Amino acid sequence: MRLFASGALLGLLFVTFIDSSECLQTAVVPNKGLTVTVSTVLPLDQCAVCTISGVNDTQTSCNSSLTLVPEEEVKLLFNCSQPIEQAYTVTIAQTIECTKDACNPTMLEAQTSILPELSRTFTWELKAPEKTLVGLDILRQGLMETSQPCTDGFQYLVVISKTNTKGRTQYCPGGSETSLDAPNGAVVSLQVKPKALVESLFQASAAPRKGRTMVVSVDSRTTVVVSRDPEEPECEVCSVVGSTRDCSPTEKTLTNVEKLSLEFSCLKPQDVYRVTMKKKIECTQSSCTPAAGEVNPDIFKDFQRSLTWDISLPERTVLTLDFPGGLKEMSGAEKCQDGQQYSVSTTNSEGKVKTNSYCEGGTVSLHLLGATTVTAEVPTGSEVDSFTVKAAPRGGRMMSVMPDPGTIVIISRLPGEPDCEVCIDKEPNQKCKSTHLRLEDPHNTTVEFTCPQPQDVFIVEINREIDCKDISCSGNVVQAESLLFPDFNRTFTWDVTVVSTRVFQLDFPEPGMRQIPNQETCPDEHTYSIITYLRAGLTTIGTFCKGGPVTTILPRRKGRMSLQVPGDRKLDPVDFKLSVGPVSDMVAILKVNLPRGMSDTDLITANYPSDFPDNQQMQWDFTVPGMYNYTIQFRDHTAPECLNKIVEVEYQKETKKVTKLTLTDSQPQHEQGNFKMVLRNCETNTTLQGLTLNYRVSVMRSGHPVLCAVNLTERQGVSLQIEKVGSDPYCEMSVNSKVENKINVAAGTKASLSFLDCPNEDVRLTASKAIECKDETSCSATQLTVPKLDSCLPMPLHSFTWHLKIPQDRTVDLVSPKGSLRQSLPGQECNESVSLRVAEGDGFSVGDFCYNGILQKVQVHGNVSVTATVPDFSKTMEPFLNVSFSQEIPETIIYRVSPDVSSPFLLASPNWPLGMRSSATVSWIVNVPSQHVAHMQFVNLSQPKCSDSHTSIKVKMLGDEEEIMSRREDEKAEDTLMVPRSFYLNMSNCKPEEGHFGAVTKIVLQKKSNLLAILLGLAGALLLLLTVLAIVCFVTKKKKKDKLAEESSIYIGKGNIFRPSDRHFTKTRADNDSHVYASIDEAIMYGHLLGDSSYADSMQDHFNGVQVDSYNTFTGPTDPGLPVIKEPDHEPELERFKTFLDPSESFIPSRPRTPIDRQDSLGFQDRRMLDNELYTFKSTGDINPIRLSGVDMDPQPPTILEDSL
């Protein structure tokens, strides 16, 4: 655009410019061969460069850009509203023409006289023949390559090609570069600041381009492609074999070459060429050739390289790639910090490719299936680490699966994953599926996958069908099977069916469920969804997570509950309860228990954000906490075009009040009480947007606190303590308008209390009273009763504590108003409603007590606190304890015990089982009833290690100075101890170094026995017995003497005649066997009675012969005749000593012979012998005397017999 003006107009223009802008006028004559361009980027009305011509410089021509003609002088006028130095750009260009060996001009100089007031850029474009390189020698200080602006105002730039912006190198003065090499078409530029002095810069020369030569070797499994982008600067690559040159301007492919000479026509081919190397690795099922993915580290090291390994695998083979530094997987947008990035692609049998990117330095180990391609992008100068390649038969993975009865397991392969099959059973009956497998048999089934990591390839659905067509379902509590496929991505589904008119009910335990937008995932990755099958089609009730206000969901007719859990997550499901619900025509009913405190609950309609079904309705039942307000806000909704009926929202309160609104009406705000919300849809135009609703229910406190004014000025010594014990963070307590978590109302004061949203179970009220004994007048006996508290307190009294304070010379006596106390111990626990905790003044526990025990009194030498706890203090009007004050006692505590004789009882040391206070002393005064003794046993005794003094256990009867037992901690105490009358048990503690001192003593009372009377009776009985025995012995001896005078002799043939008084046996009967019969032949002895003489002929003859010290069997007389012995008549007094038995009293029938194994005396009477006739035994030996007597003979001096001589 040009502007012409006359002299007047020019003057006016000058005036205008001078008034509002800067101005510069100068004359310029460009040298020959220079192209000078002056320009500005500002609008012409703000900034312009003008030429002045004509007579008296009366003509001007203004432009935004102006190119000057070489060797012609021109006057220039610069007018600009901005500073001139910043507003204009001056470019001075020159072309250097070179031949193969020279350049013209040889000196690259800058014409410094051209517009030195402005910033200038000097450029030199180099023109040279093909394969000619232009050299520029730097005449001044050397240059250094940089990417930052130069600080001295001189900025050099070398561009290899004007069409390629990649080959740009920036320099600043002050470096070591003294020459630059540039090809044809290169541009060298220098940018200087205003008024900078520019001298001669370069000296140009030309020479044939020599380029770069390298020798490479490539094996037969490798293919190397050296390629150049046509937009890169010209550089030819040639392979030289002998005298043959094979050249290409853009690409050269090399394979199976040895020491091949490769020539580049440029000095830095690495700047314009890229190298792609492909290697083949072939694997069998057991090995790969080569066994490593490696590359010659020296070949094309300074080039940018892309290395590719194509690895082929047979079927059912797993490929393992081990990288020395490990790999870490990267997302598609991420780049590796060192620039070296790996890409691994696997192709399955369906031809689908899966690619993952990795960087070095991780823990990923690659186990791949199918043909694999590994690509490494290696920056210039970087080294490549080799990786190992291993192949092995695809071992797969085998597991045993046993679904529960009624459970179906469906195993499905993800699309696009590597080849892997799932099989059941074992060879040869194995059946395999490539996409999915269904298991329904509830028996143990072997499942085998043909890939080592099937959890990355397959997903598992575990389905259970539950028929609820009857009133009750087949199962109530529904649980997910946690043992099936724990490391797979699992979906647990429960298909529930009820009659068409009913709903099925899903009850969720605390903390309930929270609804989230469909298709989202829960934070714990346990995502639940519920759908129902309506006649119009499948409807999604919603998606839920654990932890929310939704407690019950009732879908209609037939539906599915599903739980999605990823494989790397431990299963932690909600065990929901399933039952049959009521008759309903709702799509679903959701019961929502809104939480306490300020909260917002977001809910959505079925199918959201898709359309809610036509002519259907959905209900929400809300439970609102007491003293809370709720507000409904429709956050997002779409209204359909209704063909029949209208869309309405109905609210029903517990009072049966019903409110019907539209979607655009104002919804309820700041209302209280439970309510139901029903959304009804119309018949819609399905070609348009349908009904959707996303709404929020907000609850907040109603702001009505419970107030109570407490006045303790009239209740002497009484104080109150109120503490929050619940977990509700919204309970707010305040005292005198100050919010506190714990409130103390001191004795004798007043306080204004406020309780906002504090349930009684979350707040605990305790009270205490101080009773002080200072002197005789104030130490009167008293009763521990609970004073009446302010009725405005909303919570019940939990416990009441009396603090009893006494002087050092006094003792507190505690007595039950019901007669006795009982200490709560293991085995004799207190089951009564009243519990009394007694502690010393500093809180050290004495024990827990109740009524009706063995303790008549408890005396404590020191301050005491008594805490009473009962279920309802309002129903307890009687005193808890009677308290009196007595003189000082030496012990710390004294228990007065009146035991029950009917049952054992336990005595425990104070603060059991934690141990007594250090250096404390306690005594039990046990009153043993008369005619009773006490058996004492230490059933539980713990001794400490003492640092000072010793522990002691002493037992002493009352009134005695001597101790029954005294033991220290280093002495073993008796297990049991018997105490005959009332006693005291004393225990003293040391200063323990470690451990504690405590004991539980069991005492049993038993009635005393009169031992002296028993012993005298026994002595009298024994004396009487001895007298009777003496009389018996005297009578027996007299009878023996009478019998000896009446004894008779027996004749034996060929024997000796002896008298009964002779003593032929030197041994007593107790010491010999002379009275033992070997056998007695009854037939011979009594043969004449049997009437059969032939019987003796059948007897064995081994009974014949002489027997030593025994009797021989009688075999008949050896003499012609036997003398007949005439027995005298029996005398009357001998009848009771009859030796032989009546035949009627013998054994019948008699045996032929009876062996006699034993006879203890010669007086033995055998009932089988006859008393009317006597047959003696006879043998061929000497005559042996026989005494048959019923009375033992007294021992006589031994008599020497003939046989013994």
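The values are calculated or read from the model by the stated rules, or taken from the named source; none is laboratory data. Because the structure is a prediction, the values reported are computed rather than measured. Neighbour counts are summed over all protein chains in view; Cβ atoms, including those assigned to glycine, are modelled from backbone coordinates with ideal geometry. Heavy atoms of the whole protein, side chains included, go into the accessibility calculation; ligands, DNA and RNA do not. Shrake-Rupley method; radii C 1.70, N 1.55, O 1.52, S 1.80 Å.
Being touching a residue at least 40 places away in the same chain (Cβ under 8 Å) and surrounded by fewer than 16 Cβ atoms within 10 Å (Cβ to Cβ) narrows it down to one of Arg556, Arg569, so name that one.
Values: Arg556 fails: surrounded by fewer than 16 Cβ atoms within 10 Å (Cβ to Cβ).
Among Arg556, Arg569, only Arg569 is touching a residue at least 40 places away in the same chain (Cβ under 8 Å) and surrounded by fewer than 16 Cβ atoms within 10 Å (Cβ to Cβ).
So which residues in region 812-850 are of a type in the set (Gly, Ala, Ser), at negative phi and in contact with a strand residue (DSSP E or B) (Cβ under 7 Å, 6 or more places away or on another chain), if there are any at all?
Ser816, Ser820, Ser824, Ser835, Ala839, Gly841, Ser845, listed by residue number.
Could you identify the single residue in Glu510, Glu525 that is touching a Pro at 6+ places or on another chain (Cβ under 6 Å), of a type in the set (Asp, Glu) and open to solvent by 50 Å² or more (accessible area, probe 1.4 Å)? If you could, list the steps in order and put the result at the bottom.
Numbers: Glu510 fails: touching a Pro at 6+ places or on another chain (Cβ under 6 Å).
Only one candidate qualifies: Glu525.
Name the strands (runs of 3 or more DSSP E) wholly within region 912-1025 that hold at least 2 residues that are of a type in the set (Ser, Thr, Tyr) and within 25 Å of Asp842 (Cβ to Cβ)?
Ranges flagged: 921-926.
Matching residues to (1) over 30 Å from Lys390 (Cα atoms); (2) part of a strand (DSSP E or B); (3) open to solvent by 20 Å² or more (accessible area, probe 1.4 Å):
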position	(1), (2), (3)
Val218	no, yes, no
Thr222	no, yes, no
Ser239	yes, yes, no
Arg245	yes, yes, yes
Leu254	no, yes, no
Gln270	yes, no, yes
Lys278	no, yes, yes
Ser286	no, no, yes
Leu307	no, yes, no
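Can you report the number of residues in region 824-857 which are in contact (Cβ under 8 Å) with a residue 24 or more places away in the chain, more than 22 Å from Val926 (Cβ to Cβ) and surrounded by fewer than 19 Cβ atoms within 10 Å (Cβ to Cβ)?
The number of residues fulfilling the criteria is 7.
Working carefully through the options Ser752, Ser768, Ser799, Ser778, find the one that is within 26 Å of Met700 (Cβ to Cβ) and either out of contact with any Cys (no Cβ under 9 Å at 6 or more places or on another chain) or modelled with pLDDT of 90 or more (or both).
One residue alone meets the criteria, Ser752.
Looking only at region 956-994, how many residues end up being of a type in the set (S, T, N, Q) and within 20 Å of Thr892 (Cα to Cα)?
Filtering region 956-994 for residues of a type in the set (S, T, N, Q) gives 966, 976, 982, 986, 988-989.
Then drop every residue that is not within 20 Å of Thr892 (Cα to Cα), which leaves 966, 986, 988-989.
Total satisfying the criteria: 4.
Are any of the residues in region 610-619 part of a strand (DSSP E or B) and of a type in the set (Asp, Glu)?
No, the conditions are met nowhere in region 610-619.
Per-residue answers, yes or no, for (1) hydrophobic (A, V, I, L, M, F, W, C); (2) out of contact with any Pro (no Cβ under 6 Å at 6 or more places or on another chain):
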residue	(1), (2)
Gly959	no, yes
Leu985	yes, yes
Ser988	no, yes
Lys991	no, yes
Val1004	yes, no
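Going by what's in this entry, would Ala781 be described as surrounded by fewer than 17 Cβ atoms within 10 Å (Cβ to Cβ), more than 30 Å from Val725 (Cβ to Cβ) and among the aliphatic types (A, V, I, L, M)?
Yes; evaluated as a whole, the condition is true for this residue.
All but one of (1) part of a loop (DSSP other than H, G, I, E, B); (2) at pLDDT 90 or above; (3) hydrophobic (A, V, I, L, M, F, W, C) hold for Leu44; state the number of the condition that does not hold.
Failed condition: (2).
Suppose we keep only residues that are charged (D, E, K, R) and open to solvent by less than 90 Å² (accessible area, probe 1.4 Å) within region 969-988. Which one would you say is farthest from Ser949 (Cα to Cα)?
For region 969-988, the residue satisfying everything is Glu974.
Condition test on Thr551, is it part of a strand (DSSP E or B), β-branched (Val, Ile, Thr), open to solvent by 10 Å² or more (accessible area, probe 1.4 Å) and in contact (Cβ under 8 Å) with a residue 12 or more places away in the chain?
Against the criterion (part of a strand (DSSP E or B), β-branched (Val, Ile, Thr), open to solvent by 10 Å² or more (accessible area, probe 1.4 Å) and in contact (Cβ under 8 Å) with a residue 12 or more places away in the chain), Thr551 qualifies.
Check Asp219 against each of (1) without any contact (Cβ under 8 Å) to a residue 24 or more places away in the chain; (2) of a type outside the set (S, T, N, Q); (3) closer than 26 Å to Glu294 by Cβ and name the one condition it does not meet.
Among (1) without any contact (Cβ under 8 Å) to a residue 24 or more places away in the chain; (2) of a type outside the set (S, T, N, Q); (3) closer than 26 Å to Glu294 by Cβ, the lone unmet condition for Asp219 is (1).
Quick one: what pairs do we get from region 937-964, first residue open to solvent by 70 Å² or more (accessible area, probe 1.4 Å), second of a type in the set (Lys, Arg) and assigned to a loop (DSSP other than H, G, I, E, B), C-beta under 8 Å, 6+ apart or different chains?
So the pair list comes out as Leu958/Arg981.
Can you tell which of Thr801, Thr811 is part of a strand (DSSP E or B) and open to solvent by less than 10 Å² (accessible area, probe 1.4 Å)?
Thr811
Look at Leu197 and say whether it is among the hydrophobic types (A, V, I, L, M, F, W, C), touching a residue at least 12 places away in the same chain (Cβ under 8 Å) and open to solvent by 40 Å² or more (accessible area, probe 1.4 Å). Talk me through it step by step, then tell me what you get.
On the way: among the hydrophobic types (A, V, I, L, M, F, W, C): yes; touching a residue at least 12 places away in the same chain (Cβ under 8 Å): yes; open to solvent by 40 Å² or more (accessible area, probe 1.4 Å): yes.
For Leu197, the condition - among the hydrophobic types (A, V, I, L, M, F, W, C), touching a residue at least 12 places away in the same chain (Cβ under 8 Å) and open to solvent by 40 Å² or more (accessible area, probe 1.4 Å) - is met.
Of the residues that sit in region 654-713 and are of a type in the set (Lys, Arg), in contact (Cβ under 8 Å) with a residue 24 or more places away in the chain and closer than 27 Å to Ser610 by Cα, which one is surrounded by the most Cβ atoms within 10 Å (Cβ to Cβ)? Quick ask: steps written out before the conclusion?
Here is the first cut: in region 654-713, the residues of a type in the set (Lys, Arg) are 656-657, 660, 676, 680, 696, 701.
Those left that are additionally in contact (Cβ under 8 Å) with a residue 24 or more places away in the chain: 676, 680, 696, 701.
Subsequent filtering for residues that are closer than 27 Å to Ser610 by Cα retains 676, 680, 696.
Numbers: Lys676: 16, Arg680: 19, Arg696: 14.
Top of the filtered list is Arg680.
If you check Ser599 against the conditions, is it more than 28 Å from Pro759 (Cβ to Cβ), of a type in the set (Gly, Ala, Ser) and either touching a residue at least 40 places away in the same chain (Cβ under 8 Å) or open to solvent by less than 40 Å² (accessible area, probe 1.4 Å) (or both)? Outline the logic, then answer.
Details: more than 28 Å from Pro759 (Cβ to Cβ): no; of a type in the set (Gly, Ala, Ser): yes; either touching a residue at least 40 places away in the same chain (Cβ under 8 Å) or open to solvent by less than 40 Å² (accessible area, probe 1.4 Å) (or both): yes.
No; evaluated as a whole, the condition is false for this residue.
Pairs needed: first member in region 874-892, within 28 Å of Ala767 (Cβ to Cβ) and touching a residue at least 60 places away in the same chain (Cβ under 8 Å); second member anywhere, among the acidic types (Asp, Glu) and open to solvent by less than 30 Å² (accessible area, probe 1.4 Å); C-beta distance under 8 Å; at least 6 residues apart or different chains.
Close Cβ pairs (under 8 Å, with a partner that is among the acidic types (Asp, Glu) and open to solvent by less than 30 Å² (accessible area, probe 1.4 Å)) amount to Val883/Asp813; Ser884/Asp813; Phe885/Asp813; Ser886/Asp813.
Among the residues of region 140-169, write down those that are open to solvent by 40 Å² or more (accessible area, probe 1.4 Å), of a type in the set (S, T, N, Q) and assigned to a strand (DSSP E or B).
Of everything in region 140-169, just one residue is open to solvent by 40 Å² or more (accessible area, probe 1.4 Å), of a type in the set (S, T, N, Q) and assigned to a strand (DSSP E or B), namely Thr165.
Please give the number of the condition Ile531 fails out of (1) of a type in the set (A, V, I, L, M); (2) out of contact with any Ser or Thr (no Cβ under 6 Å at 6 or more places or on another chain); (3) touching a residue at least 12 places away in the same chain (Cβ under 8 Å).
Of (1) of a type in the set (A, V, I, L, M); (2) out of contact with any Ser or Thr (no Cβ under 6 Å at 6 or more places or on another chain); (3) touching a residue at least 12 places away in the same chain (Cβ under 8 Å), only one is false for Ile531: (2).
Can you list the strands (runs of 3 or more DSSP E) lying wholly within region 383-499 that have 1 or more residues being open to solvent by less than 50 Å² (accessible area, probe 1.4 Å)?
387-393, 397-401, 407-413, 422-424, 436-439, 445-449, 458-468, 489-498
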